[in-house]
1. Given 0.36 nm per residue, what is the gain on full extension from residue 147 to residue 128 after removing their alpha carbon distance, in nm?
2. Please check: in the Gaussian network model of the chain (C-alpha springs, under 10 Å), which one of 22, 110, 46 has the largest mean-square fluctuation.
3. Evaluate E = 1/(1 + (r/R0)^6) for residue 109 and residue 74, where r is the Cβ-Cβ distance and R0 equals 25 Å; express this FRET efficiency to the nearest 0.05.
4. Classify the range 28-131 as rounded, prolate or oblate from the Cα gyration tensor: take a ≥ b ≥ c as the square roots of its eigenvalues, call it rounded if a/c is under 1.5, otherwise prolate when a/b beats b/c and oblate if not.
5. When all C-alpha to C-alpha distances in the range 11-67 are sorted into bins of 5 Å, what percent of pairs does each bin hold, rounded to whole numbers?
6. Compute a Gaussian network model of the chain, connecting alpha carbons closer than 10 Å, and tell me which residue from 84, 21, 111 fluctuates the most.
7. Against the longest alpha carbon principal axis of the chain, how many degrees, from 0 to 90 and to the nearest 10, is the axis of helix 123-142 turned?
8. For the chain, with a Gaussian network of springs between Cα atoms less than 10 Å apart, report the residue from 38, 105, 56 with the top mean-square fluctuation.
Ligand SMILES: [Zn+2]
C-alpha cells in the first residue's frame, strides 16, 4: 500500500483527504505496476518557494515529501504525483540519484525529472476520481443510505425507466 502521513499544517492548508488519496494511489499504481507496493510517506510543508522534494529516509519504504502548497488544486495534486514518482524511481526501478545539477536546464532535462513529469499526466484523472469519491460519500450521507427505507422527495420521477 501507499500511505501518506501529512502534517497538521499540510492538512489545514491543502484540505486534502490524504486517507482517500492513499487509497486511490494504492489502487491505481498497484494495478498499473501489477505488483504490491509498500511506501510510507510523510508529507511536510516545503520551506522552499515553488519547490517540492522527495527524500528516501529509511530502508526501501520510508519517504518524506516536502510539498509546496502555494497553488491551486491541480498544482498540488500534480506535485504530489510528481514527487511520488521520485519514490517509484527508487522503490520500483532501483534508480537512485545523487546528482546535484550544475544548472536549472541540466536539472530540467535530466532523466529523473522528465520521468517524474510524465506521471503528472494523470493529474486530471486522479482529481476526478478523488472528487467523485468525495461526492459519492456526501450522497451516501445525504440520501441516508445507511438506513433501510426511502426518503421523501428523493424518488420523484427517476425510477420509472427501470420498472418493467
Ligand atoms: Zn522532480
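1. 4.1 nm
2. Fluctuation is largest for 110.
3. Numbers: r = 24 Å, r/R0 = 0.95.
For R0 = 25 Å, the calculated efficiency reads 0.60.
4. Since a/c stays below 1.5, the shape of the range 28-131 is classed as rounded.
5. Final binned percentages: 4, 16, 20, 25, 21, 10, 3, 0.
6. 111
7. 30 degrees
8. 105
Rule-based calculations on the coordinates, nothing more; no lab input. Nothing here was measured: the structure is a model prediction, and the numbers come from that model. In this analysis, Cβ positions are derived from the backbone assuming ideal geometry, glycine residues included, and neighbour counts consider all displayed protein chains.
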